[in-house]
Amino acid sequence: MTRGDAVRARVLLLGGTGEARRLAAALEHHPRVEAISSLAGRVREPARPAGAVRIGGFGGVEGLLDWLRTNEIAAVIDATHPFASTMTRSAAAATERLALPYVVLQRPGWEPRDGDDWHWVDRVGDLPVPGERVFLTTGRTDAAAFAASDRWFLLRSVDPPEPPLPARLTVLLNRGPYPVDGELALLREHRIDLLVTKNSGGQQTAAKLTAARELGLPVVIVRRPKLPAVAIVETEAQAVAWLENVIPDSGGA
Ligand code: NAP
């Protein structure tokens, strides 16, 4: 441990996203910050962030309170996925109780463009439009919401889904990246006539929307859960700036 390490503020970085990994990399050698990334442990072989990593749930708000106290955390950055609302609610509640600085790093959502045929829904599982061959990109744990449907589904996920599942289902295991050409080929190969997605936002999984637009396919898009009343930033750079502003200054020690 160097002299500088002794004064670094310990920061919890709630992760599971590309943004969280980029932020962990940006903070790895920060002179005033010691970041600990946290993953839920859902994915069998997760992409590991740089620096210290812990894996697994905290045990609700009470478990998180204990963990934050025990680890002497000075601030929390929540870079979880926009649909990871339980974790975000827990983090907002725990940091409020401990009066810890807390910010959500959340990429902007997608917006429809000319030529798009988007149908907004509030719940995963709602299918308000026809379409017999559905490309389902909401993630494996949400496949259960379609279990009672008699439509045919192509489900793409990182790990295999678990029951209950739709009766007519083909699973495609893949973690991307997904370029537009590949998405077009996939939609054509499986004769997809409806795309279902969450409004995840970001570039990494946006190509399917471009492909759907090109083929004139309807899209069912799930609205994001509402965020609690918390500070929000949209980029890793903004998150670093926020952090530098809230952690105690080491006074150049
Ligand atoms: P969730 O419903 O909000 O969280 C359920 C529980 O999982 C939380 O209460 C918490 O358990 C634990 N958890 C979630 N994120 C965690 C983290 N970063 N570190 C430690 N524990 C965590 O979350 P989810 O939608 O299942 O997502 C799980 C993880 O996958 C998140 O980290 C998220 O960033 C990532 N992810 C989610 C999606 C999505 O569509 N939901 C997509 C891509 C990536 P305790 O209550 O025991 O603390």
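The values are calculated or read from the model by the stated rules, or taken from the named source; none is laboratory data. Computed from a prediction, not measured in an experiment: that's the story for all the values here. Counting neighbours? That spans all protein chains shown, and the Cβs are built from the backbone with ideal geometry, glycine included. The area values use the complete protein model at the heavy-atom level, side chains included, leaving out ligands, DNA and RNA. Shrake-Rupley method; radii C 1.70, N 1.55, O 1.52, S 1.80 Å.
Quick look at the values:
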quantity: Conditions (1) within 22 Å of GLN203 (Cα to Cα); (2) open to solvent by 40 Å² or more (accessible area, probe 1.4 Å); (3) within 16 Å of the ligand (Cβ to nearest atom); (4) not charged (D, E, K, R); number of the one not met by GLY139; calculated: (2)
quantity: TRP152, sole failed condition from (1) within 16 Å of the ligand (Cβ to nearest atom); (2) in contact with a Lys or Arg (Cβ under 7 Å, 6 or more places away or on another chain); (3) at pLDDT 95 or above; calculated: (1)
quantity: Enumeration of residues in the stretch 34-84 that are β-branched (Val, Ile, Thr) and touching a strand residue (DSSP E or B) at 6+ places or on another chain (Cβ under 7 Å); calculated: ILE36, VAL53, ILE55, ILE73, VAL76, ILE77, THR80
quantity: Residue that is on the phi < 0 side of the Ramachandran plot, open to solvent by 20 Å² or more (accessible area, probe 1.4 Å) and in contact (Cβ under 8 Å) with a residue 40 or more places away in the chain, where the choices are ARG21, ARG32; calculated: ARG32
quantity: Matching residues, the stretch 1-46, being at pLDDT below 95, basic (Lys, Arg) and closer than 28 Å to PRO160 by Cα; calculated: ARG42, ARG44
quantity: Tally, over the stretch 61-91, of residues that are within 14 Å of the ligand (Cβ to nearest atom), more than 15 Å from the chain's Cα centre (by Cα) and within 19 Å of ASN245 (Cα to Cα); calculated: 2
quantity: Qualifying residue in the stretch 127-147 (condition: basic (Lys, Arg) and in a loop (DSSP other than H, G, I, E, B)); calculated: no
quantity: From the options ASP78, ASP66, residue that is surrounded by 19 or more Cβ atoms within 10 Å (Cβ to Cβ) and charged (D, E, K, R); calculated: ASP78
